[in-house]
1. Can you give the translational diffusion coefficient of segment 42-139 in µm²/s, computed by Stokes-Einstein from the Kirkwood radius over Cα pairs at 20 °C and 1.002 mPa s?
2. For the residue pair T114 and D92, what label-to-label distance in nm results when each label sits 7 Å from Cα along the Cα-to-beta-carbon direction?
3. Please report the antiparallel percentage of DSSP beta bridges with both residues in the chain, rounded to the nearest 5.
4. Within the chain, count lysine pairs with alpha carbon atoms under 22 angstrom apart where the residues are 8 or more positions apart or belong to different chains.
5. Magnitude of the Cβ-charge dipole of segment 66-174, K/R +1 and D/E -1, about the Cα centre, nearest 20 debye?
6. Hey, quick one: spin label on K78, modelled 7 Å out along Cα-Cβ, who in segment 94-116 has an amide N within reach, i.e. under 15 Å?
7. Just for the Cα atoms in segment 51-99, what are the lengths along the principal axes, largest first, rounded to whole Å?
8. Could you work out the relative contact order of segment 133-176? I mean the mean sequence separation of Cα pairs under 8 Å and 6+ apart, divided by the number of residues, in percent.
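Computed from the coordinates by the stated procedures, all read-outs in this text should not be read as laboratory data. Since we're looking at a predicted model, the values are computed, not measured. With ideal geometry, Cβ positions are generated from the backbone for all residues, glycine too; neighbour counts draw on all protein chains shown.
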Amino acid sequence: MIYFTADTHFFWSEKRGIRPGTLMVGERTFASVEEKTEYLVSRWNSTVGVEDEVYILGDFSDGTAADTAALLQRLHGKKYLIIGNNDHYLEDPSFPQELFCWTKTYYELLTRGTKFVLFHFPIEVWSGYLYDRVHLHGHIHRLQPVVEPIRRYDVGVDANDGTPVSLETVWNRIEPLHNANRVMQNGQS
């Protein structure tokens with residue numbers, strides 16, 4: 001199976017410091033970075049199988065290269081990373097890049113007879129937009145994965161209760177939507 005996730009921000013509080021009660025995934029609050037980490041690892045490994053593919057759409061970790069590498073080895077699946085604005089561990093030459101099948105800033109996944117545009121940031125109009133192609137993203141930490149009647153889906157942990165979301169779940173949610181809905185609503189051609 002294919003899964004997507006984003007914005008796990010492992011080790012975030014250790015790097016930046018936080019106020020008590022603000023370490024969150026969606027509407028869940030955690031007392032420590034360890035508690036948040038174990039919650040996300042549990043959600044990931046109870047959903048993703050060892051042979052499944054997981055596309056991480058950025059901001060996987062704010063931790064060190066060593067901490068991030070150790071965490072990646074705990075997580076099931078073949079991992080592909082779309083680089084986010086906080087994935088600085090990749091800059092450390094000691095980070096074992098082979099823990100990801102690849103890392104890219106942008107990717108177009110062809111499946112289900114359509115194109116899925118994968119990018120960390122939400123894009124207003126993407127490649128194939130007028131042909132009902134799909135855009136998956138993270139970055140904005142919304143609590144709902146779909147907020148407009150178009151084929152754009154936020155795969156971040158905040159919108160998906162900390163769980164990687166399957167291709168089937170995404171497709172079932174956005175398949176009846178059409179990008180032309182937005183064009184017609186805004187009175188544009």
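1. Details: Rh = 14.4 Å.
For these conditions, the coefficient is 149 µm²/s.
2. Roughly 3.9 nm, to one decimal.
3. 35
4. Taking the Cα cut-off of 22 Å, the pair count is 7.
5. Details: 11 positive and 13 negative charges, 88 e Å.
With Lys and Arg at +1 and Asp and Glu at -1, about 420 debye.
6. 98-103, 109-111
7. 28, 20, 14
8. On the way: 54 pairs, mean separation 15.1, N = 44.
Relative contact order comes out at 34 percent.
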